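Each remark here refers to the structure printed beneath this line.
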2 protein chains.
Amino acid sequence: MKRIFLTVLVFLSAHSAFSQMKAEEADSLMLRKIYDMSLLNGKSYDWLDYLSNKIGGRLSGSYQAQQAVEYTKAQLEELGLDKVWLQPVMVPKWTRGAKEFAYVQTSPGVTKNVNIAALGGSVATPAGGTKARVIEVQGIEDLERYGKEQIQGKIVFFNRPMRADLINTFEAYGGCVDQRYSGAAEAAKYGAVGVIVRSMNLRMDDFPHTGSMGYGDTPVSKRIPAAAISTNDASYLSGILKMNKDLEFYYKLNCEQHEDVQSYNVIGEITGSENPEEIMVVGGHLDSWDLGDGSHDDGAGVVQSMEVLRLFKEVGYKPRKTLRVVLFMNEENGLRGGKKYAEVAKTKGEHHVFALESDSGGFTPRGFSFDADKAQFAQILSWQELFKPYLIHYFELGESGADVGPLKEGDVVLAGLRPDSQRYFDYHHAANDTFEEVNKRELELGAATMASLVYLVDNHGLKQINTAKKEKM
Amino acid sequence: MKRIFLTVLVFLSAHSAFSQMKAEEADSLMLRKIYDMSLLNGKSYDWLDYLSNKIGGRLSGSYQAQQAVEYTKAQLEELGLDKVWLQPVMVPKWTRGAKEFAYVQTSPGVTKNVNIAALGGSVATPAGGTKARVIEVQGIEDLERYGKEQIQGKIVFFNRPMRADLINTFEAYGGCVDQRYSGAAEAAKYGAVGVIVRSMNLRMDDFPHTGSMGYGDTPVSKRIPAAAISTNDASYLSGILKMNKDLEFYYKLNCEQHEDVQSYNVIGEITGSENPEEIMVVGGHLDSWDLGDGSHDDGAGVVQSMEVLRLFKEVGYKPRKTLRVVLFMNEENGLRGGKKYAEVAKTKGEHHVFALESDSGGFTPRGFSFDADKAQFAQILSWQELFKPYLIHYFELGESGADVGPLKEGDVVLAGLRPDSQRYFDYHHAANDTFEEVNKRELELGAATMASLVYLVDNHGLKQINTAKKEKM
């Protein structure tokens, strides 16, 4: 009896090992199909070409943003998805106006022009521009140290550089971006008349990098103009200030905040064949800053997300769960699209199980970061080996992405594609974020990597947190 | 007694675990120091700037190659190494001459210019150029199929593209490069009057990519001119040939092979403090093709290798073994430098234990490939975890590099730095292999990654194969 039992056990476990092997082989083959299709017959690069070169920078509320909505909707419709629709969302509209102008004046008549760009959300300077002496600080915490006495009537120059020793450049960005976002609101408290910020760029070059800023509860009358200057100019200004602290800085910004306008998230769906009520999302953001054409931020994420659904169609994989591509509007200066999508999902009682965002540039993919429960993450790690042939190695817990963030609730696993980050801030929010700086293969590898993860989530499901907790007990 | 024994055992193993932990911590701190120094205070980028922008393309036997020898020798001398010297080596000298010219003629008077570059080592066309009908083939194996009948008197157009589905682009290169290297020698056997080759480039663009070719035992009188055309032009030519197989291709090459000339490997050394007779090498090649400035191939490898020794000096690490930087001459069209270095080492009875080459571009480092014994490789794998904070994950057995290859003998472990390979062939051997295409951080990360591996090899030693074999038994 015992022997029979053992034999059955051996047979069963051999059978189960065999089945598992078969399942792994099937997964492995599916990933190969996905990568081949993306690299040999991909559409992401052509889509990006159109979005970048035919449409260009797509700031929320702009004509280009609306063109991007229409173009991507039409392209999704051509894919033969089950549903394609626009989700209305009101977005802020800020315009840069005529190109900014700035110079450093070291003595009467002796000036040097400076590469400058208004920060998104800034007020304009007075019609004649703002001209004042400059005080250089290394961050918001310096303001208190110098106090009203030294700041009043001056332009505050935030010059804390991004840390070059950090391997993850997003971490270096995180360590500096407060001076860009809140510098003006804080400096105004000390009587500053304006703010200029060193561009969030690890490279020395001539591009000013814009990005969002906010005035918090600063009354309208107290709001001061804020702009970014290039790293080369920041370095020059810092150097010359050491020799001449009485120099004056002049700048003229022509930007304007308008009323909110109507815009849209663009959504396409392949309805799940077995569990249509379980929803997976892949997405990027359709809006971009206006200085470049927004190819890396986030044209890449948009076309990669669209490509995930196209790849599924092309390799003939019908997802069991519902798969949606969501092209979010207004990530850059409001996050209205991300918030709206989550709000509507909640109102409708939709059950999102997974959301993957690509918003870190179209560079060679290295892996993903996951906002997941421990047991869920353990399950995801069991798939890591499948990605080895594609040199995808980075599977870590961490932040996912701004647009999918608002979906966080209950069981949902959020994830962010993590491409190589070394060059991202060379282009981020600057005039050189252009199509030429995106490599076709790198973009396509990213799309295939995303599709592969979505396939695995769909095919194997994700542990539900409640189940996971039970298992732990 | 037993209890005492156990207590001692527990104490000893705890002590040894503690020591190991301490050692790992020391390694981890040293790596952090190395990376910090490279990223915050590196010299590799400045050196590359000079090599690329002040000297430029450095083909063997050229004035620029000699300038590069003198510049790098002087820079190594400034580092305060124990020895710096030039190792004489005779190198081939091939010159491109006046810029090449080519066109496709579809009917009398109707022509389209083509971007073309002679392959290194090719003979010139006759003074009036070569003009003939074209036969397109997908590789050398097609020649036999078409035979003399269809090839005689024509220009053979080798148009096999690099495979885009291969993740490692060097593998794709390896699958095509035979048509570039041996196409002319093989086609001549069938009476072809010339050869044009699709550029070894995964991207569609207008750059012809040169590279070495050889005539094997083809008699001088039978040698036919060979040149690369850009991928865009190859695609155009292939398309138009389908419509008009009688079109003619004209090209004029002005290249010339000269007598061998005197040149040098540049070598710098930090003599080992404990085991000076055990030699470790880091290196890249000083020569480059002439079309661009050779920044990725292999200016990057040169300056990274120099930087390894400078980093050791800067962080105050004195290697136990002897550490040499070798800047090899003539990798591109002869490998004379690599062969000479190994030959001299053998003559002198030097004992090389490790050699690391960087010759795959200055892109984000992903890891290394190793030409090593199993036991040695297992030891190296035990260091992999130390590289995780730097996102270095690729540790595989495989080829090392052309220049260190001739050192293979006995115990020596050879290794090659493996940067991200996606963009390498966009620039390889073409006019756009320039300084602007190298990212400072990516270059510096590569240098630090190399220095870290050399440090670990020096600090822990490498298993000797004999020892390893004994352990296996």
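A:Ala402 - would you say it is assigned to a loop (DSSP other than H, G, I, E, B), more than 14 Å from chain B (Cβ to nearest Cβ), among the aliphatic types (A, V, I, L, M) and in contact with a His (Cβ under 6 Å, 6 or more places away or on another chain)? Judged against the criteria, A:Ala402 is not a match. Selection over the stretch B:264-279 of residues that are within 19 Å of B:Lys408 (Cα to Cα) and buried (at least 24 other Cβ atoms within 10 Å of the Cβ) gives a count of 1. Annotation note: of A:Glu144, A:Glu186, A:Glu149, the sole residue that is of a type in the set (D, E, K, R), modelled with pLDDT of 95 or more and surrounded by 17 or more Cβ atoms within 10 Å (Cβ to Cβ) is A:Glu186.
Against the criterion of being among the hydrophobic types (A, V, I, L, M, F, W, C) and within 14 Å of chain A (Cβ to nearest Cβ), B:Phe387 qualifies.
Based on what the data block shows, is B:Phe377 of a type in the set (Phe, Trp, Tyr) and over 24 Å from B:Ala26 (Cα atoms)? No; evaluated as a whole, the condition is false for this residue. Taking strands (runs of 3 or more DSSP E) as the structural unit, those lying wholly within the stretch B:320-384 and holding at least 1 residues that are at pLDDT 95 or above, within 30 Å of A:Ile392 (Cβ to Cβ) and within 14 Å of another protein chain (Cβ to nearest Cβ) correspond to B:365-371. Name the residues in the stretch B:106-123 that are among the aliphatic types (A, V, I, L, M) and open to solvent by less than 40 Å² (accessible area, probe 1.4 Å), would you? Those that are among the aliphatic types (A, V, I, L, M) and open to solvent by less than 40 Å² (accessible area, probe 1.4 Å): B:Val114, B:Ile116, B:Ala117, B:Ala118, B:Leu119.
Among residues of the stretch A:409-425 being more than 14 Å from chain B (Cβ to nearest Cβ) and open to solvent by less than 10 Å² (accessible area, probe 1.4 Å), the one that is farthest from A:Lys346 (Cα to Cα) is A:Leu417. Of all residues in the stretch B:205-214, those satisfying the criterion of being under 22 Å from the mean Cα position of the chain (by Cα) and either without any contact (Cβ under 8 Å) to a residue 12 or more places away in the chain or open to solvent by 10 Å² or more (accessible area, probe 1.4 Å) (or both) are B:Phe207, B:Pro208, B:Ser212, B:Met213, B:Gly214.
Scanning the stretch B:69-79 turns up at least one residue that is open to solvent by less than 10 Å² (accessible area, probe 1.4 Å) and closer than 25 Å to B:Glu259 by Cα.
Close contacts from the stretch A:342-366, counting a first residue that is over 17 Å from A:Phe328 (Cα atoms) and a second that is open to solvent by 50 Å² or more (accessible area, probe 1.4 Å), with Cβ to Cβ under 6 Å and a gap of 6+ residues or different chains, come to A:His351/A:Glu277; A:Arg366/A:Tyr394; A:Arg366/A:Arg418.
Name the residue that is nearest to the other protein chains (Cβ to nearest Cβ), counting only residues in the stretch B:426-437 that are open to solvent by less than 10 Å² (accessible area, probe 1.4 Å) and over 16 Å from B:Gly301 (Cβ atoms). Here the answer is B:Asp426. In the stretch B:180-204, the residues that are within 14 Å of chain A (Cβ to nearest Cβ) reach residues that are open to solvent by less than 10 Å² (accessible area, probe 1.4 Å) and modelled with pLDDT of 95 or more with C-beta atoms within less than 6 angstrom, at least six apart or across chains, in these pairs: B:Asn201/B:His209; B:Asn201/B:Thr231; B:Asn201/B:Phe425; B:Leu202/B:Phe425; B:Arg203/B:Asp426; B:Met204/B:Thr231.
Within the stretch B:369-405, being surrounded by 24 or more Cβ atoms within 10 Å (Cβ to Cβ) and within 22 Å of A:Pro419 (Cα to Cα) holds for one residue alone: B:Ile392.
Please indicate, with yes or no, whether at least one residue in the stretch B:156-166 is away from chain A (no Cβ under 14 Å), open to solvent by 30 Å² or more (accessible area, probe 1.4 Å) and under 30 Å from B:Pro419 (Cα atoms). Yes, that holds for at least one residue.
Restricting attention to the stretch A:220-262, the residues that are within 17 Å of A:Phe158 (Cβ to Cβ), open to solvent by 70 Å² or more (accessible area, probe 1.4 Å) and outside any helix (DSSP H, G or I) total 2. Here the strands (runs of 3 or more DSSP E) wholly within the stretch B:71-134 that include at least 1 residues being modelled with pLDDT of 95 or more, over 24 Å from B:Glu186 (Cα atoms) and not β-branched (Val, Ile, Thr) are B:83-95, B:101-107, B:110-113. In the stretch A:318-337, the residue that is most open to solvent (accessible area, probe 1.4 Å) out of those that are out of contact with any Leu (no Cβ under 9 Å at 6 or more places or on another chain) and within 20 Å of A:Leu59 (Cα to Cα) is A:Arg336. A:Ser62: open to solvent by less than 50 Å² (accessible area, probe 1.4 Å), at pLDDT 95 or above, under 30 Å from A:Gly194 (Cα atoms) and not assigned by TED's automatic domain parsing to the domain that holds A:Asp205, yes or no? So A:Ser62 passes the test.
Note on the stretch B:13-53: residues that are more than 14 Å from every other protein chain (Cβ to nearest Cβ), surrounded by 13 or more Cβ atoms within 10 Å (Cβ to Cβ), over 11 Å from B:Glu444 (Cβ atoms) and not polar (S, T, N, Q) amount to 6.
The values are calculated or read from the model by the stated rules, or taken from the named source; none is laboratory data. Keep in mind that what you see is a predicted model, and the values were worked out from it rather than measured. Note that we place each Cβ from the backbone using ideal geometry, even for glycine, and neighbour counts take in every protein chain shown. Calculation scope for accessible area: heavy atoms of the full protein, side chains included, ligands and nucleic acids excluded. Shrake-Rupley method; radii C 1.70, N 1.55, O 1.52, S 1.80 Å.
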